[in-house]
1. Quick check on packing: order 165-171, 291-297, 203-209 by the mean number of other C-beta atoms within 10 Å, highest mean leading.
2. Starting from the Kirkwood radius over alpha-carbon pairs of the chain, derive D by Stokes-Einstein at 25 °C in a medium of 0.890 mPa s and give it in µm² s⁻¹.
3. Quick one: grab Rg to one decimal and Dmax as a whole number for the stretch 136-277, Cα atoms only, in Å.
4. Give the peptides 67-73, 179-185, 142-148 in descending order of average Cβ contacts within 10 Å, highest first.
5. Given the rule -39500 (n - 2.57) for each run of at least 4 DSSP H residues, summed and divided by the residues of the chain, what is its mean residue ellipticity at 222 nm, to the nearest 500 deg cm²/dmol?
6. Considering the dipole of the stretch 139-248 built from charges on the beta carbon (Lys and Arg +1, Asp and Glu -1) around the Cα centre, which of S247, H218, F186 is farthest to its positive end?
7. Extension gain D44-R208, at 0.36 nm per residue separation less the Cα-Cα distance, in nm?
8. Please work out the Cα center distance from the stretch 129-180 to the stretch 52-75, rounded to the nearest Å.
Amino acid sequence: MNKIIKTLCVCLLAALMLVGCGGGKDSDDTTTVNTNTDSVPPYDENAEITIEYDGESTSGSAYAELVISGTYRTSKTIKITVPENQHFLAVSISKGVLDESIVYLEDGVFTYKIPDFSRSYPPKLKQSGNTISARIPTVSELESTHNIALNTSDLLKSQGVYPHASTTNTNNDDAEWMARNIIDGFTQNNAHGEYPYQSWGPKDSVSRKDNIKIDFGHDVNVEELVLYIRADFPHDGYWNSCTLRFSDGSTQKIQISGTGKAQTIAIEGGKTTSSLTFTEFIKAPDSQGQWCAWIELQVNGSEIMTQ
């Protein structure tokens, strides 16, 4: 009897050790089913979009639009939210008036504090009936070549929404001379001043250290630039060269002509960068006017998809 009891105890102990060490088929099956709950969801082209403005709101899958019942009110805020992992949004704060822009969101939220729509904006923005439109861009759209600098809703103090333009030199800090004007989609350049001729217009004295920068908020592929200088001759002069600095510190010398036509500038071998900074502006010796300015800078390239 004692021998039988000892045998049973040894078998029981062996079984307990087997379970504790994770042995057996059932234990193996359980291990294989475990998933990583911290993984980031994939990009969703049908993600939910919510638009809010001054007590009004709407939502939609992949696309949403909100018609403003009255007029835009200065200092009120448009808020558009998408799932946190989405990052990209195609948006216009006035459908049919301002071009739709693909923007990059740091945290899945687009915010736009209504400015005083004067001097550098279409008059329609001050009227009633504006429509906010927002959609989720497709992956193929993001990865194809397009103007990755365009942002018709850029603001002087934009936060978390890119592309964003900034500068160390603006004449009188007036709206019609702000850095944002070179990525707003308007290219008329045979005059200067208020809409539709708003430009990046620095003071007549520009130091070698002054710059204008376009920040994309993430890495992008840049293939070429298309530049429209302000060509209100003989009021305007022009810079015939400047230095382009990429986010990794590398540079490329840019040559510029004194023409009102679009100027295409190839990026040597293409470039992956998160920003473009233009500096070391040199005024052309034969420049007619006192003022040098840029109307629009298009950046042809593609987005780099990240989760």
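Bear in mind that the values in this text are calculations on the coordinates, not laboratory data. Since this is a predicted model, take the numbers as computed values, not measurements. All Cβ positions, even for glycine, are placed from backbone atoms using ideal geometry, and neighbour counts span all protein chains on display.
1. Details: 165-171: 18.4, 291-297: 24.0, 203-209: 12.3.
Per-residue Cβ counts within 10 Å, averaged per peptide and sorted highest first, yield 291-297, 165-171, 203-209.
2. 111
3. 15.1, 46
4. Working: 67-73: 14.0, 179-185: 23.3, 142-148: 16.4.
The most tightly packed comes first, giving 179-185, 142-148, 67-73.
5. Working: 3 runs with 33 residues, N = 307.
Counting only the DSSP helices, I get -3500 deg cm²/dmol.
6. Checked the options; the winner is S247.
7. Taking 0.36 nm per residue and subtracting the Cα distance, the gain is 54.5 nm.
8. For the stretch 129-180 versus the stretch 52-75, the Cα centre distance is 19 Å.
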